[in-house]
Amino acid sequence: MSNSLQGFDTMAATFAADVDHAFWLNFWISIILGLSVIVPMFYFAWKYRADKVKDEEISTATHNTVLEIAWTLIPTAMLMVLFYYGYSSMKILRTMPAESESIVIDLEGKKWSWNHTYAANKAGFVHKSAELYVPKGKNIILKMHAPINDVIHAYFVPAFRMKEDVVPGRVTKQWFNAEKLGTYDVECAEYCGTRHSYMLTKIHVIPEAEYNAWFEGNSKVGPGEKEVAKSKGHELYDMNGCSGCHSIDSDTVLVGPGLKGIGAKHDAQYLKDAILTPNKDVPEGFTAGIMPPFNMSDEDVSALVDYIKTGK
Ligand SMILES: [Cu+2]
């Protein structure tokens, strides 16, 4: 992964230009207003410095009606212009398109991964993916939530100019229509703990035909990607976000201990317990309450344990 993330130099959603317009208008009005106060302030402070003013020259005026009306009306007019453009661009972002004419995707944000779940296709297959794939030129609605025992995250796509909090126990929504093919960065924009800065993913905007072909199929990877045979345990490991906290093939501590060689240190029962009830037996140097307990069938835990014992 490259270290540099996209900023505002790319613009790829229909409303991006409206957001930028409101921003730059705000920016320039603030600069002009700021300078029109600060520059005269320094000038007068210098011009009327104490040793240059005689007492008889000091003004005794108490008020000036014309001036007071002017300095009330002009900023009010500027504020109304700012409000109008701020409000009208926010309204575009906040007005959800009809769900019947959109692709609705479920999004879970949790420490420290993003998981997208699509609606079932005609064959009943449900795609799940860490990176998001969407067709160009379609309305997409994201229904976003976090597990109840998690913290607040925010799904931020700079190239689309969209950002919305993802909140435990609540569903928030965001929509967009991507008008340029390409791959765009998604960043978590709400500080959420140790691995916050690694809580990244991507949105791939692809041609509609390619999207439809992928969506109606049952590939477990993204469009155009080669499906590599993964064991069930490997799939469970990826799907449950274990890699957000554990390195599978080294001793490096991310949040939890590196899992390399774990099979030699512990038996299968210990490892099963470590996944189902992580707070019961906490390895030295780590604290309880960080790894969430996972709720899965005996068959799934066994597959997962077999996988982590391979250490790769
Ligand atoms: Cu986060």
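Laboratory data are not the source of any read-out in this text; all were calculated from the coordinates shown. Worth saying up front: this structure is predicted, and the values here are computed from it rather than measured. Backbone-built Cβ (ideal geometry, glycine too); neighbour counts: all protein chains shown.
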Along the dipole axis of the range 221-280 (charges at Cβ: +1 for Lys and Arg, -1 for Asp and Glu; origin at the Cα centre), the most positive-end residue among LEU254, MET239, ALA264 is ALA264
Using Cα atoms only, what is the angle between the long axis of helix 16-47 and the major principal axis of the chain, expressed in degrees (0 to 90) to the nearest 10?
-> 40 degrees
Taking a crude spin-label model, label points 7 Å out from Cα along the C-beta direction, the SER243 to PHE83 distance in nm is 5.0 nm
Quick note on VAL66, VAL171, ordering by fewest other C-beta atoms within 10 Å, gives VAL66, VAL171
Selected from ILE103, HIS21, GLY217, residue furthest toward positive end of dipole (the chain; charges at beta carbon) | HIS21
Taking R0 as 45 Å and r as the Cβ-Cβ distance between ASP298 and ARG170, the FRET efficiency 1/(1 + (r/R0)^6), rounded to the nearest 0.05, comes to 0.85
Between the residues ASN295, LEU132, ALA274, the Cα farthest towards the positive end of the dipole of the chain, that dipole coming from +1 and -1 charges on the beta-carbon of Lys, Arg, Asp and Glu, is from LEU132
Taking the Cα-to-Cβ direction at ARG195 and at ALA50 and moving 7 Å from each Cα, how far apart do the two end points lie in nm?
-> 6.2 nm
What is the extension gain from VAL126 to ASN212, computed as 0.36 nm multiplied by their sequence separation minus the C-alpha to C-alpha distance, in nm to one decimal?
-> 29.6 nm
Nearest-0.05 FRET efficiency for GLU227 and ILE32 at R0 = 51 Å, using Cβ-Cβ distance, is 0.35
Show that you can apply the helix-only estimate: for the chain, add -39,500 (n - 2.57) for every DSSP H stretch of four or more residues, divide by all residues, and state [θ] at 222 nm to the nearest 500.
-> -11000 deg cm²/dmol
Per residue, the convex hull enclosing the Cα atoms of the range 99-216 spans a volume in Å³ of 96 Å³
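Shape verdict for the range 150-202, please, from the Cα gyration tensor: rounded (a/c under 1.5), prolate (a/b greater than b/c) or oblate.
Oblate, since a/c reaches 1.5 and b/c is not below a/b.
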Row for the range 16-94, column shape: gyration tensor on C-alpha, a ≥ b ≥ c, rounded if a/c < 1.5 i.e. under 1.5, prolate if a/b over b/c, else oblate; value oblate
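Place the peptides 225-232, 101-108 in order of packing, highest mean first, counting for every residue the other Cβ atoms within 10 Å and averaging per peptide.
101-108, 225-232
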Find the centroid of the Cα atoms in the range 227-304 and in the range 1-61, then give the distance between the two in whole Å.
-> 53 Å
Stretch ASP9-PHE23 to full length: gain in nm at 0.36 nm per residue minus the Cα-Cα span?
-> 3.6 nm
Classify the range 149-271 as rounded, prolate or oblate from the Cα gyration tensor: take a ≥ b ≥ c as the square roots of its eigenvalues, call it rounded if a/c is under 1.5, otherwise prolate when a/b beats b/c and oblate if not.
-> oblate
